[in-house]
Amino acid sequence: MSTNMKAKMNKRKILLSGLMLPVLAALGLPAQAQPAGEFPNKPIKFVVPFPPGSGTDTSARYFAKKLSELVGQPVVVENKAGANGFIAVRAVLGSPADGYTVFVGSNSTLAVNVALFKSLPYDPVADFAPLTMMMRSPALLIVPGTAKHGNLGELIDSARTQPGKLNYGAGSAGYQLMAELFNDAAKVQIQGVPFKGASEAVTAVASGTVDMAFAEMTSAQELVKGGKLRALAVASERRVPALSGVPTAAEAGLPGFTAYTWVGAMVSAKTPKAETEKLAALLTRIERMPETKQFYERIGAEVMNGGPEEMRNFQNAEIALWKRIAVKAKVEQQ
């Protein structure tokens with residue numbers, strides 16, 4: 001083949017490549033797939049310890065979509081709810097430690113369980129390698145839309161005059177400890193009723209099955225806007241734009257009371273370093289995208305910036321915090 005002919009063929013390849021890029025983009029396909037043999041080169045699984053509809057599930061599905069776009073491989077989300085997250089943890093730690101099974105956990109499974117159980121079937125620090133932090137969301141104190149309690153003060157007064165009569169729904173260990181912290185801060189005795197996940201607890205409040213609950217903004221705000229739930233306070237330092245009419249706990253009469261849920265991604269600690277670092281870099285890249293910040297703002301949450309080291313430090317601090325709160329609230333370990 002002549003030099004002139006080779007040049008023409010190369011020029012044609014470049015032209016076709018340039019024409020294909022906008023076509024791929026229009027189809028929503030990645031412009032460049034992973035080279036053959038390079039990790040990841042097959043479907044990835046995100047395991048979530050809660051049912052669909054929770055903030056953890058919402059985060060998992062958002063990051064799964066973005067990761068799939070980056071690497072050109074399917075990323076599926078599996079919800080394995082129940083047993084305080086133990087079912088999901090067993091599924092992750094029982095899978096091959098090759099980087100293709102990611103645990104998308106929360107404050108409950110990755111920190112609070114340590115404070116609530118005498119003995120865990122897993123170690124949230126030693127058994128997992130952190131990848132990236134995803135988001136945090138202030139807890140929302142909700143009651144049924146038809147409840148007689150019009151504000152936080154009325155709820156607290158009712159609980160004080162009827163010790164042990166009111167109850168709260170808890171969709172996870174984290175929410176249980178938040179409610180016990182509330183009991184301690186407000187000097188009340190509201191009894192707990194466990195549920196498999198945040199969405200079930202929210203549904204129970206909306207139907208009047210339980211008197212109150214702490215819930216994620218992501219799972220409760222639409223029901224609040226629709227009148228099926230009433231939000232008495234948001235447990236944050238400042239009001240949340242998505243529900244700007246809801247006062248902070250301090251504004252509602254309970255100063256100093258704050259509580260957040262958070263979500264982060266991890267893999268088995270046995271996963272090879274190269275795969276762990278590659279996943280961490282990809283997920284941290286997604287976390288820092290402007291559209292990720294915008295996505296969380298729309299659902300009343302905020303991005304948590306930080307890769308593996310920041311996440312591990314944060315996790316250790318959270319474990320210490322909830323241990324201290326469990327002792328202060330005199331929560332009996334299970």
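A short reminder: the numbers here are calculations on the coordinates, not readings from a lab. This structure is a prediction, so every number in the text was calculated from the model and none was measured. All Cβ positions, glycine included, derive from the backbone under ideal geometry; neighbour counts span all protein chains shown.
Per-structure values
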| read-out | value |
| --- | --- |
| Cα-Cα over 21 Å, subset of K66/K293; K228/K293; K187/K330; K45/K278; K66/K278 | K228/K293 |
| Selected from V125, N183, G53, residue furthest toward positive end of dipole (the chain; charges at beta carbon) | G53 |
| Residues L279, L181, sorted so that the one with the fewest Cβ neighbours within 10 Å comes first | L181, L279 |
| The chain - share of DSSP beta bridges that are antiparallel (%, nearest 5) | 60 |
| Under the span-like rule (Cα at least 15 Å along the axis, Kyte-Doolittle mean at least 0.0), DSSP H helices of the chain | 3-26, 173-186 |
| Candidates A147, A198, A88, ranked by Gaussian network fluctuation over the chain, Cα under 10 Å, top entry | A147 |
| Those trypsin sites (Lys or Arg not before Pro) in region 200-286 that DSSP places in a loop and that have at most 13 other beta carbons within 10 Å | R238, K270 |
